[in-house]
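Heads up: the structure comes next, in structure tokens.
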Amino acid sequence: MIGVVAATAGGRSAAGALAAAWPGEVRSFTDLKASEALREAWRTCDSIVSFLAVGATVRVLAPLLEHKTTDPAVVCVDESMRFAVAVLGGHHGANLLARRLTGVLGCEPVVTTASDRTGVAPLDSYGADLGFTVHNPDLLAHVGAAVLSGEPVALEGADGWPLPALPPNVRVPPSAQDEREEQDEPGTGILVTDGAEIACMCHEGWFGNRLVYRPPSLVVGVGSARGVTAAEAGELIDLTLAGAGLAPESVRCLATVDLKADEEGILKAAEERGWEVVTFPAEVLAEVEVPNPSEVVRAEVGTPSVAEAAALHAARSFGRSAELVAPKHKSANATAAVARLAPKGRLSIVGLGPGARDLLTPRAHEALRRSSVVVGLDQYVDQVRDLLRPGTRIVESGLGQEEERARTAVEEAEAGRAVALIGSGDAGVYAMASPALEFASDRVEVEGVPGITAAVAASGLLGAPLGHDHAYISLSDLHTPWEIIERRVRAAAEGDFAVCFYNPRSRARDWQLPAALEILAAHRPPDTPVGLVRNASRPDETVTVTTLGGLDPEAVDMLTVVLVGSSRSRTVAGRFVTPRGYRWA
Ligand code: SAH
């Protein structure tokens, strides 16, 4: 039951609105004196909406406070219904209630509890996109609180997995050795491991107070004689894992040879354990080097190894590399082996859009929050610094050091990290995607996150300059000889393309723009519309529509794009429009 307390006419009418919106849930205490009403609501309700000031509410309730898990949740709403402040019991209903009130009263929720505010990666879904599962969820609250309150939390086993950043108090211990000397039982920590827990004499389990994540790091390879039972195959798999001290929760799939794709015992054993089955042709497995090949098996199936080769081959296909962690074990009719993969790191190439926050895509936002390393030009890092999770490592560099930035990003990703290489607009348009991908090997996962490029941002401001075929041309001759640029401008002129010039003019490069415009002017009339957009979607944005004949190159700098119409472009009511077709005159 939600108790509502109000002392003013406004408060009472809002209380009525709540009772109407949430029938059966609301009890009004508006007839009593405010302090009595609050005390009564505190005694009889699960939560309270108080239309009194925060101070007044706290003064009355302070002597009644007992424990956050048993006290009612309290939200205060101000007289003008602008804010719903979650005052007491944020995680026990108040944050939620503050947000629900938004829907009815139109006020803004004010939430001050740490995990909702700090942007720290939530532990219950940490690594979930990589396939991590939590082994001991009962520790989530304890370890989560330690992470948020800044206590030292040891992070072990996460190296090599492209995980989001955790705040700086979550640290890799200096070395396992020091850790043992300091304390004989591990303290509060986070452990990523595919190792089975080994109970020991001194305490209940080796994991102690550590929140354990199971990474999807293992592949079980299986071979068998025709007709093997699920019981036999399953038991052998379980024994092989247990013998090597490996956790079944970390098994990503079961691998075997194509010939066994319909082997019921194997399929059933996998299904019982919730694993997928992948199969490979014998010729492929025959190429895999294994410690225990068998000529007998080669004669029968065409590969000297099934279990070991399939485990290794599958693990390699998912990861950066793989090793055999349990060599071939045999039962009467089956063989099993286990391989562990080293995961691939991730390079996200993220376009941040032209500047304004609402032109940054939700996917770009998500990619930034999934990264632990962000590489980019300092001014672009500034554009998104507030979006990064606490603990994100930032590698900034100045203008010009493109190749170095690209190499750094790739190296960090190849070391197994989650890296965001950022750029303005779209990161693939005159930007970092190409230099980075010239270096990146196939040992890294690459994700391109598109951004709104300057041409498109400018187009929206000007009208519809790109309504028909158009060309982007960069006038920077730093990396491209002028002859090539000139040839392209001429081709665009002859083809009657609308043109968007990037990098149009700098202090040191001032003659290129007039030269390019002259080429265009030879093929289209002097009243052809030209749009100049400087700092599109940034605070000092300027938008100018002029003509080929009237353009003043002095008005153009490196923060500008210049859009030139085709012979058909027109200005309509001050807007730059390129028609979608050519009407025959
Ligand atoms: N990757 C960027 C382009 C980088 S090249 C993108 O997709 O937008 C740099 C040039 O882009 C600048 O010289 C300028 O011509 C243009 N530019 C980038 N952002 C701009 C903005 N917000 N407004 C106007 N022009 C911009």
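Evaluate the distance, in nm, between pseudo-label points positioned 7 Å from the Cα of Ser317 and of Ala515 along their respective Cα→Cβ axes.
5.4 nm
How high is the relative contact order of the chain, given as a whole-number percent (alpha carbon pairs under 8 Å, six or more residues apart)? Present the calculation step by step, with values, prior to reporting the outcome.
On the way: 1269 pairs, mean separation 51.4, N = 585.
Computed value for the chain: 9 percent relative contact order.
Can you give the net charge of the other residues whose Cβ lies under 11 Å from the Cβ of Ala336, counting K and R as +1 and D and E as -1? Intermediate values should be presented prior to the final figure.
Numbers: positive: Lys328, Lys330; negative: Glu232, Glu235, Asp238, Glu308.
That sum, taken over residues with Cβ under 11 Å, equals -2.
Can you tell me the FRET efficiency between Ala522 and Arg99 if r is taken as the Cβ-Cβ distance and R0 is 51 Å, rounded to the nearest 0.05? Let's see the in-between values first.
Numbers: r = 62 Å, r/R0 = 1.21.
For Ala522 and Arg99, the calculated efficiency is 0.25.
Compute the signed sum of charges (Lys and Arg +1, Asp and Glu -1) over the other residues within less than 11 Å, Cβ to Cβ, of Thr279. Could you put the intermediate results ahead of the total?
Numbers: positive: Lys260; negative: Asp258, Asp262, Glu263, Glu276.
Residues close to Thr279 contribute a combined charge of -3.
Starting from the Cα-Cα distance between Thr112 and Ala242, subtract it from 0.36 nm times their residue separation and give me the gain in nm to one decimal.
Values: separation 130, 0.36 × 130 = 46.80 nm, distance 4.62 nm.
Extending this stretch completely gives an extra 42.2 nm.
Is the chain best put as rounded, prolate or oblate by its Cα gyration tensor, with a ≥ b ≥ c the root eigenvalues, rounded for a/c under 1.5, and otherwise prolate when a/b is larger than b/c, oblate when not?
Values: a/c = 2.35, a/b = 1.12, b/c = 2.10.
Oblate.
Per the helix-only calculation at 222 nm, which mean residue ellipticity applies to the chain, given -39500 (n - 2.57) for every DSSP H run of n ≥ 4 and division by its residues, nearest 500 deg cm²/dmol? If you can, show how the numbers build up before the last one.
On the way: 19 runs with 178 residues, N = 585.
Calculated mean residue ellipticity at 222 nm is -8500 deg cm²/dmol.
Describe numerically, in nm with one decimal, the distance between label points set 7 Å from Cα along Cα→Cβ at Ala21 and at Asp552.
5.4 nm
If r is the Cβ-Cβ distance from Val172 to Glu151 and R0 is 25 Å, what FRET efficiency results, to the nearest 0.05? All intermediate terms of the calculation are to be shown ahead of the outcome.
Values: r = 16 Å, r/R0 = 0.63.
Step by step, r from the Cβ atoms, then E = 0.95.
How much length, in nm to one decimal, is gained on full extension between Thr544 and Arg12, taken as 0.36 nm per residue of separation minus their Cα-Cα distance? Please report the intermediate quantities before stating the final value.
Numbers: separation 532, 0.36 × 532 = 191.52 nm, distance 5.34 nm.
Fully extending the segment from Thr544 to Arg12 adds 186.2 nm.
Work out the length of the dipole vector of the range 61-129 about its Cα centre, built from +1 on the beta-carbon of each Lys and Arg and -1 on the beta-carbon of each Asp and Glu, and round it to the nearest 20 debye. Intermediate results must be reported in sequence, preceding the final value.
On the way: 5 positive and 8 negative charges, 16 e Å.
Computed about the Cα centre, the dipole is about 80 debye.
Evaluate E = 1/(1 + (r/R0)^6) for Leu478 and Arg393, where r is the Cβ-Cβ distance and R0 equals 30 Å; express this FRET efficiency to the nearest 0.05. Present the calculation step by step, with values, prior to reporting the outcome.
Details: r = 30 Å, r/R0 = 0.99.
With R0 = 30 Å, the Cβ-Cβ based efficiency is 0.50.
Scan the chain and hand back the longest stretch that contains none of the chymotrypsin sites (Phe, Trp or Tyr not before Pro) lying in DSSP loops with at most 12 other Cβ atoms within 10 Å.
Details: sites that count: Trp511, Tyr582, Trp584.
The answer is 1-510.
Under a crude label model (7 Å from the Cα following the beta-carbon direction), how far is Glu494 from Arg580 in nanometres?
Computed distance between label sites Glu494 and Arg580 equals 3.0 nm.
Working out 0.36 nm times the residue gap between Asp31 and Thr44, then minus their Cα-Cα distance, what length gain in nm do you get to one decimal? Can you show the working numbers first?
Working: separation 13, 0.36 × 13 = 4.68 nm, distance 1.57 nm.
Once the chain is fully extended between Asp31 and Thr44, it gains 3.1 nm.
Computed from the coordinates by the stated procedures, all read-outs in this text should not be read as laboratory data. The model shown is predicted, which means the values in this text are computed figures rather than measured ones. Every residue, glycine as well, gets a Cβ built from its backbone with ideal geometry; the counts of neighbours run over all protein chains shown.
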